[in-house]
Amino acid sequence: MNGTPLLDIRNLTVEFGGLRALDGVDIQVNEGEIVSVIGPNGAGKTTLFNAITASVEADGEILFEGETLLGLDPNQVTSRGVARTFQNVRLFANMTVLENVMVSQHCRTKQGTFGALFYTKAFRQEEAEIRARAEMILAFFGTRLVGFRLDQPAAVLSYANRRRLEIARAMATQPKLLLLDEPVAGMNPVESAELTGLIGRLREEWGFTIVVIEHDMEVVREVSDRVIVLDHGVMIADGDYEEVSSDPRVIEAYLGHGATTK
Amino acid sequence: MSATVLNTVLRRIPGTWRRVVRLGALGAVGQVFISLSGMPVRLDVREIIVPILSLGYVTVLAVPLVLGVLLGRRPEHEEFLENPPGRRDLVLGAIAGGLMGGGGLSVLALLLANFDLRDPLINWSPQLLEFLSFGRGTAFGFGIWLVIGAGLGLVGGTLRLASSRTQKVIMTMALTVVGAAILESLVVDLVEGVSLEALVEWMYAPRGGLTLVGAGVLAVVSGLLSLVGQGRVKNMQERIQAMEGPRQTRVNLMLIAAVGVVLVILPLLVGKLTNELLANIGLFVLLALGLNIVVGLAGILDLGYVAFFAVGSYSTAVLTAATSPRIAPEFPWFVALIIVIFIAILVGLFIGAPVIRMRGDYLAIVTLGFGEIIRLLFLSDWLSGWFGGSQGITAIDGVDVFGLLTVDGTNPRRVFYLVLFFCAIAIYISWRLERSRLGRAWMAVREDEPVAEAMGINTVNVKLMAFVVGAVLGSFGGAIFVAKVGSVFPTSFLILVSIIILVVVIFGGMGNIFGVIAGAVVLIGVLGGPKQPGLLVEFSEFKLLIYGALLVWMMLARPEGLIPSARRSRELHQEEFLQDAWLRGQIDTDDNGPDGGSGTAGAEA
């Protein structure tokens, strides 16, 4: 592993009106790591993702592979190799499962109007590749999203499958860094255990570096190399699960002042 | 205010009759409104069945009939009512509703005879009284509408209670007779093309309208056909749908080819007027297909689409006409068209760039503004040196096809073939683009723009592309329009044109090529375009009223359009769609069955 981290966030500040959602946060994520971001509600976790993917304006510095992401458009960030899922599942509900994954390969493909109108060989080839890649990605989730499901609209999927499709869609943009926003929220214990396994395999088989926001401490302990704790927009801890979970400031943040002194 | 009063009154009426009173009152108001709009009197000249029924009477008679049908329907959630209405109640209700509906006209007849309100209401006229009383005095007029209302209510109500088979047969018969009367000029023209004039003479009266015998025979024949054919069409559709991919495509291709052949042969059989009508329909199909790419596929509500039509028209005029004021290169039409395409692309980018960053309502309003700006530029004194201001550019030559023949307004058949050719191009473009990387990106942008952007789609470029393709198709329309009409004036590019094209797209079915075509055929063909007459020439005065009413009804009853795109209708009926899927057991509720657990999933991948 080389010296520079894949994602290097320095002194990141995001303000909404007078409210500081993030206040001088420094985070480094090395290539191949799985990092969890935890914190109470309103701590700024999702804002952190929004800042990285250019959905909100931020001050400070965000370096990805040594180059800044600030000032880019969201689609440019995605083509640099950062993909995300959404906390409140936001699939293209009326597009089919397959189309959802196909459309997300947009920035990795290039056939335009000309190819489509004249039905060129390059166009047909690329369409076939897009489709094959989409099916391969969906096959990663076992039998759940393939077969007859391929042509079903995303709206009819179960909640857990929608979350899986969100991940598949992010995978289709062929990222280096995958940002998962509460991937197991709303899943039952069996499903979340399964997804925990998948997160590990995403790193091993696909080579993604992963940052995951999660409330489920089982999952956090299971998947993460490192845990970062945010509270009121400030980073209050950074270390492995054991360290962080015994950190008095973290306990205070979750349980309130006084919990540590007793 | 009046609504609250009405509701207070309604609440005192016992449950089952409340609906009757409400609908009856609505019907009465509707009939009075229709009468005072002047439609019945003005349309009385157009006969449907010669001595007994004119289009004017159809407009008012339809109301009690519809009331009867509506009231004959059992209310939904029947099991929740304490005393669900029986057949007798329903029929009685329908009669009462019809009576109230017809009663509106009775009262109107009385008022017409005794008061003079011509000052604010220009259609408050003796002719209307004459029309309502059938020329037999006020008392007759008062009584007859009560009788007619009740009678038609009874007919509507019993119709609703009949078996669905009977209903279908009766509907087919009614539609055939009215359709044959409306399509009279088309039928006459077509029949003359294959020299079967005897049929026409026997079916239609000399001064228009079906003869009694003709109507009777048509009704019987269509009724029999529908009895025999019932279920067959549906069976065919199901059989085609059940076929596997390649075979289904082949059947579809054959159907399309058959329609194509008909479209090529049809103009040879019909006369000049019908060809003119066909050319107008084709022109609007072309424009609507262009707008469909912008609105239907990419989801950008463009209210200023006429701008591209205008740019196409004016640039063709300047490039081809000898009379163009500033520069007159007098290119042949096809050479000019290539340049026009480039101009359209530039204008698409130019208008699109500032507009595209906005969303929703703001975008719609800004496009509306640009549509007007373009028209005003062509009208302005500033550019009148180039485009002739309000004088426009006149005496423009038609299309010269390789020196063989000229396509211009004097020969609508040739214009139609030209339009047909460009419609084919437009259909091909829409069809190919929808199934491409770009088409998927448009879909994603339409569904959820911020997410599409987060998934790596350059939304600005993708939407600009939709604008540009739309602009090019619109400019094709403009270039043909110029060749057909032979002149351009700023008044040809009013905001109304944008609206009508949009209504065609919405009415037909946004996002569906066939829907858009159907919309243009029905609306432009029957009612007519902004300046072009349709089959119902008499309607031209009331065209906008009917357009508006149709649009409102469509939004309430069938927001996805005549022939909807599957996806669009899912978007509009998300909840019902999910319910249906759930009922069919297709919905994916829980998947922790035997195939759950990380072990299996891991083993399979």
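The values are calculated or read from the model by the stated rules, or taken from the named source; none is laboratory data. These numbers were taken from a predicted model, which means no experiment stands behind them. We place every Cβ from the backbone using ideal geometry, glycine too, and count neighbours over all the protein chains shown. We work out accessible area using only protein heavy atoms, side chains counted, and drop any ligands, DNA or RNA first. Shrake-Rupley method; radii C 1.70, N 1.55, O 1.52, S 1.80 Å.
I'd like the FRET efficiency for B:GLN230 and B:ASN252, computed as 1/(1 + (r/R0)^6) with the beta carbon distance as r and R0 of 25 Å, rounded to 0.05.
On the way: r = 24 Å, r/R0 = 0.96.
Calculated value: 0.55.
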For the full complex of protein chains and a 1.4 angstrom probe, list B:ILE343, B:ILE293, B:ILE373 by accessible area with the highest value first. B:ILE373, B:ILE343, B:ILE293
Surface/4 of the Cα convex hull for the protein assembly as shown, nm²: 47.7 nm²
Can you tally the lysine pairs in chain B where the Cα-Cα distance is under 21 Å and the two residues are eight or more apart, or on different chains? 5
Taking amide H atoms as placed 1.01 Å from N in the peptide plane, list the residues 5 or more away in sequence, or in a different chain, whose amide H sits under 5 Å from that of A:ARG226. A:ILE34, A:SER36
Probe 1.4 Å, protein heavy atoms only - accessible area per residue of the protein assembly as shown in square angstrom: 46 Å²
Any idea what the relative contact order of the stretch B:190-340 is, in percent, if you count C-alpha pairs under 8 Å spaced at least 6 apart? 14 percent
Mean separation of Cα contacts under 8 Å, 6 or more apart, over the residue count of chain B: relative contact order %: 14 percent
Distant-in-sequence amide H partners of A:ALA237 (H built 1.01 Å from N, under 5 Å): A:VAL229
Size of the dipole of the protein assembly as shown about the Cα centre, Lys and Arg at +1 and Asp and Glu at -1 on the beta carbon, nothing else charged, in debye to 20? 3380 debye
What helices in chain B pass both tests, a Cα length along the helix axis of 30 Å or more and a mean Kyte hydropathy of 0.0 or higher, using whole DSSP H runs? B:15-36, B:87-114, B:138-161, B:245-269, B:333-355, B:412-434, B:459-485
Can you sort A:CYS107, B:CYS423 by 1.4 Å-probe accessible area, starting with the largest? A:CYS107, B:CYS423
Check every DSSP H run in chain A and write down those whose alpha carbon atoms cover 24 angstrom or more along the long axis and whose mean Kyte-Doolittle hydropathy is -1.0 or greater. A:121-139, A:189-206
Counting only protein heavy atoms and using a 1.4 Å probe, what share of the accessible area of chain B belongs to carbon plus sulfur, as a whole percent? 68 percent
Per residue of chain B, what 222 nm ellipticity follows from adding -39500 (n - 2.57) for every DSSP H run with n ≥ 4, rounded to the nearest 500? -22500 deg cm²/dmol
Rounded, prolate or oblate (a/c below 1.5 giving rounded, otherwise prolate when a/b exceeds b/c) for the stretch B:335-466 by Cα gyration tensor: oblate
Name the residue from B:TYR428, B:ASN411, B:VAL147 whose Cα lies farthest towards the positive end of the charge dipole of chain B, charges +1 on Cβ of Lys and Arg and -1 on Cβ of Asp and Glu. B:VAL147
Most mobile of A:PHE16, A:PHE49, A:PHE114 per a Gaussian network model of chain A (Cα springs, under 10 Å)? A:PHE114
Could you work out [θ]222 nm for chain A from helices alone, using -39500 (n - 2.57) per DSSP H run of at least four and dividing by all its residues? Round to the nearest 500 deg cm²/dmol. -11000 deg cm²/dmol
Determine, from the Cβ-Cβ distance of A:LEU19 and A:GLU61 and an R0 of 25 Å, the FRET efficiency 1/(1 + (r/R0)^6), rounded to the nearest 0.05. 0.70
Suppose R0 equals 22 Å; then what is the FRET efficiency for B:TYR428 and B:LEU273 from their Cβ-Cβ distance, rounded to the nearest 0.05? 0.15
Cα coordinate range in chain B, projected on the principal axes (Å, largest first): 78, 71, 55
Within the stretch B:339-430, which chymotrypsin sites (Phe, Trp or Tyr not before Pro) sit in a loop by DSSP and count at most 16 neighbouring Cβ atoms inside 10 Å? B:TRP382, B:PHE402
Using a 1.4 angstrom probe on the protein heavy atoms only, line up B:MET236, B:MET173 by accessible area, largest first. B:MET236, B:MET173
Heavy-atom accessible surface buried between A and B, both sides counted, 1.4 angstrom probe, nearest 100 Å², is 4200 Å²
Amide H neighbours of A:GLY60 under 5 Å, at least 5 residues apart or on other chains, H built in the peptide plane: list them. A:THR13
